[in-house]
C-alpha cells in the first residue's frame, strides 16, 4: 500500500468521531469533570500548606490537568480492534491484504491521536481553562521539550496497546488482561499520582518500566522538575523504550502469525 492508502486509514477515526458526535461530547464532559474533581482533591490535600517534594498547589493542579488532557491522545484502542479481528476470524483477511497489518494499526492510531482525539483534547483543555489556572511551561525550552516528549509518549502508548492486543491471539479475550494493564499504566505512569509522591521502592520499579514515558516524563519536563541535561536523558529514555517495545511487538507478531496458521488448520 502506498502513502495515500495509509493516509486514508488515518482519516477513518476522525470520520468515526463525526458519526458519533454525542459520544464524543460525553467523553469531553467526562474529562472536564475529572479535571474539576482533581482540582478539588489536590486543593483539599494541600490544604493551604506549602510545597511538597518541590511541587506547590498550582504546579500540582497543572500536572493533574495536563495528565488528564494528554491521556486522551496517548490512549490507543488498537487492542480492541485486534481482539475483534481474532475472534471473528477477519484477521486472516488482514494478513492477505496488500499492506502491513502493524503499519495499518500505526496509521489508524496516528489518525486517532492527532485527527480524532486531538481536537477533543484541545476542546477539553479550553473549557478547563475557565476554572483552572494552568501554569505555563517552566521555560520556552521546557515547552518545546514537552511537545517532543508528548509525541514520544504517544508512540510508547501505541506499542504498549499493540502488545496488549497481541495477547488476544492466545486468549481470544482481553477484558481481564486489559484491566490489569490499565491499572498498572495509570498508577505507574504517574497519570494518577505523581511518582514523586510514591514510596521509594515503588518509584524505583516505575523507573524500570515504560509506563512513566506516558505521563511522568513529559509532565516533569513541563513543570520544570526535569531540566537541563536531564531533559535529553528523559527523551532518550523514551526513544529507547520505543525501540525496545517495537522489537518485542515484531517478535510476538511473528509468533502470532504462526498461531493464526495453526488455528486455521
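Brief remarks on what is shown
- Between residue 229 and residue 87, the modelled labels are 5.2 nm apart [label points 7 Å from Cα along Cα→Cβ].
- The angle separating the long axis of helix 229-263 from the principal Cα axis of greatest extent in the chain is about 30 degrees.
- One Cα centroid belongs to the range 1-71, the other to the range 91-144; the line between them spans 11 Å.
- Distance from the Cα centroid of the range 151-168 to that of the range 189-265 is 10 Å (rounded to whole angstrom).
- The chain, helix-only ellipticity at 222 nm - DSSP H runs n ≥ 4, -39,500 (n - 2.57), divided by all residues, nearest 500: -24000 deg cm²/dmol
- Inter-site label distance for residue 77 and residue 101 at 7 Å from Cα along Cβ, in nm: 2.1 nm
- Burial order of peptide ranges 24-34, 70-80, 117-127 (average beta-carbon count within 10 Å, highest first): 70-80, 117-127, 24-34
- Principal-axis analysis of the Cα atoms of the chain puts helix 117-128 at an angle of about 20° to the longest axis.
Read the figures in this text as sums done on the coordinates, not as results from a lab. Quick caveat, the model's predicted, so the values are computed rather than measured. All Cβ positions, even for glycine, are placed from backbone atoms using ideal geometry, and neighbour counts span all protein chains on display.
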